[in-house]
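Structure incoming, see below.
The values are calculated or read from the model by the stated rules, or taken from the named source; none is laboratory data. Values in this document were obtained by computation on a predicted structure and should not be read as measured data. Positions of Cβ are backbone-derived with ideal geometry, glycine not excepted, and every protein chain shown enters the neighbour counts.
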Amino acid sequence: MLLPDLLSQRAMPSTDSLTAWWEQTREARGRETTTVDRALVGGVLADRLGFAFAAGYHEALRALVQTKSDDICALCITEARGNSPKDIDTTLTIAGDDFEITGKKKWATTAPLAKTLLVCATLGNSPDGKAMLRLVRVPTDAPGVRLTASSAPFVPEIPHAEVELDHVRVTADDILPGDGYTDYVKPFRTIEDAHVHAALFGYLIGTARRHNLANDLIEQLLATAVTARAIALADPTSPTTHLALAGLITFAGEHVVETERALEGIDDDEWKRWVRDRALLRVAGAARAARCERAWEAVR
């Protein structure tokens, strides 16, 4: 499978609107056939980290639920007590021939712009006391859905929301097959990290090209983009994949430092946005470290 043409792509005309950028880049991203290739191209086409993250996050969700739709969707997991199976209080109950979903999600990335919410809900406990979780597709315009928008101090282009669901009607077809936690929530962090870092390398390649940075830096970024691509296509439940991903994230930190050093002294809007937004790369560091340690324990 050929690597996408990452060197001839150029960022779209500048806009602060994720919705506008999404439409501007839809055709170029859509030419690629795999989720990770679309993430890479999305990164190259971005003039800020927030748009690159959005491309990677969205393609990770497409990979998770195997959807062909390019419409923005949002994963809704975390509740007031956390995001482990025992913390999920949002309920899925039988209501006649259909189902109803009720509960509150504390934080859902891109939810205010999404057409579909992917909601983790519980059917109760099995006889052995284990939570029976399902992932459910819920249209954001369905009766009983209420979003309260919020934002982070960095990447302001990426909106978030608290999600309230009050007896929202869904059908059996809206419930994704398999276990909501084992098949979706648990592997998503790995899928997300691989796709978001692919988009990050795409963004760094685009930045290096726009600012005419050294060829050897671009060569290194391309080589690491190929690695990110391979990891994104690998089994997200494998300890080997987790260890390779940990190495990739280390490379990402090194390449970010090298790119920042090369851009030092450039005073433009893109650099100012980068300084504002780079804290995003440190989010979930503890969870990544724990995943890496578990992977080493598994292979020992």
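Just need a number here: residues in the stretch 197-216 that are more than 26 Å from the chain's Cα centre (by Cα) and either under 24 Å from Ala284 (Cα atoms) or part of a helix (DSSP H, G or I) (or both).
Selection size over the stretch 197-216: 2.
Have a look at Gly30, Gly43 and point out the one that is surrounded by 21 or more Cβ atoms within 10 Å (Cβ to Cβ), assigned by TED's automatic domain parsing to the domain that holds Glu192 and either farther than 24 Å from Thr122 by Cα or of a type in the set (Asp, Glu) (or both).
Values: Gly30 fails: surrounded by 21 or more Cβ atoms within 10 Å (Cβ to Cβ).
Only one candidate passes the filter, namely Gly43.
Condition first: under 25 Å from the mean Cα position of the chain (by Cα) and not hydrophobic (A, V, I, L, M, F, W, C). Now tell me which residues in the stretch 139-160 satisfy that.
We begin by selecting, within the stretch 139-160, every residue under 25 Å from the mean Cα position of the chain (by Cα); these are 139-142, 145-160.
Correct list: Pro139, Thr140, Asp141, Arg146, Thr148, Ser150, Ser151, Pro153, Pro156, Glu157, Pro159, His160.
Now for a different question. Quick one: Pro4 ticks every box in (1) without any contact (Cβ under 8 Å) to a residue 60 or more places away in the chain; (2) of a type outside the set (Asp, Glu); (3) assigned by TED's automatic domain parsing to the domain that holds Gly202; (4) surrounded by 15 or more Cβ atoms within 10 Å (Cβ to Cβ) except a single one, so which number is it?
Result: Pro4 fails condition (3) only.
Would you confirm whether any residue within the stretch 230-238 is in contact with a Cys (Cβ under 9 Å, 6 or more places away or on another chain) and either among the polar types (S, T, N, Q) or surrounded by fewer than 18 Cβ atoms within 10 Å (Cβ to Cβ) (or both)? If you could, list the steps in order and put the result at the bottom.
Taking the stretch 230-238 first, the residues in contact with a Cys (Cβ under 9 Å, 6 or more places away or on another chain) are none.
No, the stretch 230-238 contains no residue that is in contact with a Cys (Cβ under 9 Å, 6 or more places away or on another chain) and either among the polar types (S, T, N, Q) or surrounded by fewer than 18 Cβ atoms within 10 Å (Cβ to Cβ) (or both).
Looking at Val136, Val185, Val163, Val119, which one is in a helix (DSSP H, G or I), at pLDDT 95 or above and under 22 Å from the mean Cα position of the chain (by Cα)? Full working, then the answer.
Values: Val136 fails: in a helix (DSSP H, G or I); Val163 fails: in a helix (DSSP H, G or I); Val119 fails: in a helix (DSSP H, G or I).
Result of the check over Val136, Val185, Val163, Val119: Val185.
Answer yes or no as to whether Arg278 is in contact with an Asp or Glu (Cβ under 8 Å, 6 or more places away or on another chain), assigned to a helix (DSSP H, G or I) and of a type in the set (Lys, Arg). Please lay out each step first, then the result.
Values: in contact with an Asp or Glu (Cβ under 8 Å, 6 or more places away or on another chain): no; assigned to a helix (DSSP H, G or I): yes; of a type in the set (Lys, Arg): yes.
So Arg278 fails the test.
For the stretch 139-160, enumerate the residues that are part of a strand (DSSP E or B), at pLDDT 95 or above and in contact with an Asp or Glu (Cβ under 8 Å, 6 or more places away or on another chain).
Val145, Arg146, Leu147, Thr148
Since Ala121 meets every condition but one in (1) touching a helix residue (DSSP H, G or I) at 6+ places or on another chain (Cβ under 9 Å); (2) surrounded by 15 or more Cβ atoms within 10 Å (Cβ to Cβ), which condition does it not meet?
Against the list (1) touching a helix residue (DSSP H, G or I) at 6+ places or on another chain (Cβ under 9 Å); (2) surrounded by 15 or more Cβ atoms within 10 Å (Cβ to Cβ), Ala121 comes up short only on (1).
What are the residues in the stretch 60-87 that are touching an Asp or Glu at 6+ places or on another chain (Cβ under 6 Å) and part of a loop (DSSP other than H, G, I, E, B), if any?
From the stretch 60-87, those touching an Asp or Glu at 6+ places or on another chain (Cβ under 6 Å) are 60, 79, 81, 87; that's our starting set.
Selection gives Arg81 alone.
Mind listing whichever residues of the stretch 217-227 are buried (at least 22 other Cβ atoms within 10 Å of the Cβ) and either under 14 Å from the mean Cα position of the chain (by Cα) or under 12 Å from Thr259 (Cα atoms) (or both)?
Hit for the stretch 217-227 is Leu221, nothing else.
May I ask you to list pairs of residues, at least six apart or on different chains, whose Cβ atoms are under 8 Å apart, with the first in the stretch 58-72 being in the same structural domain as Asp37 (by TED's automatic domain parsing) and closer than 11 Å to Val196 by Cα and the second being of a type in the set (Ser, Thr, Tyr) and crowded, with 17+ Cβ neighbours inside 10 Å?
So the pair list comes out as His58/Thr110; Glu59/Thr35; Ala60/Thr35.
Identify all residues within the stretch 249-269 that are under 22 Å from the mean Cα position of the chain (by Cα) and surrounded by fewer than 17 Cβ atoms within 10 Å (Cβ to Cβ); write none if there are none. Give the derivation first.
Restricting attention to the stretch 249-269, the residues satisfying the condition of being under 22 Å from the mean Cα position of the chain (by Cα) are 249-256.
Matches in the stretch 249-269: Thr250, Gly253, Glu254, Val256.
Before we move on, is Ala80 among the aliphatic types (A, V, I, L, M) and surrounded by 18 or more Cβ atoms within 10 Å (Cβ to Cβ)? Write out each step before concluding.
On the way: among the aliphatic types (A, V, I, L, M): yes; surrounded by 18 or more Cβ atoms within 10 Å (Cβ to Cβ): no.
Answer is no for this residue.
Would you pick out the residues in the stretch 228-268 that are assigned to a helix (DSSP H, G or I), polar (S, T, N, Q), over 17 Å from Ile218 (Cα atoms) and touching a residue at least 24 places away in the same chain (Cβ under 8 Å)?
Our first condition is that a residue be assigned to a helix (DSSP H, G or I); within the stretch 228-268, this holds for 228-232, 239-263.
Checking which are polar (S, T, N, Q) leaves us with 240-241, 250, 259.
Next, only the ones that are over 17 Å from Ile218 (Cα atoms) stay: 240-241, 250.
Within the stretch 228-268, Thr240, Thr241 qualify.
What number of residues in the stretch 141-173 are touching a Lys or Arg at 6+ places or on another chain (Cβ under 9 Å), under 27 Å from Phe53 (Cβ atoms) and charged (D, E, K, R)?
So the count comes out to 4.
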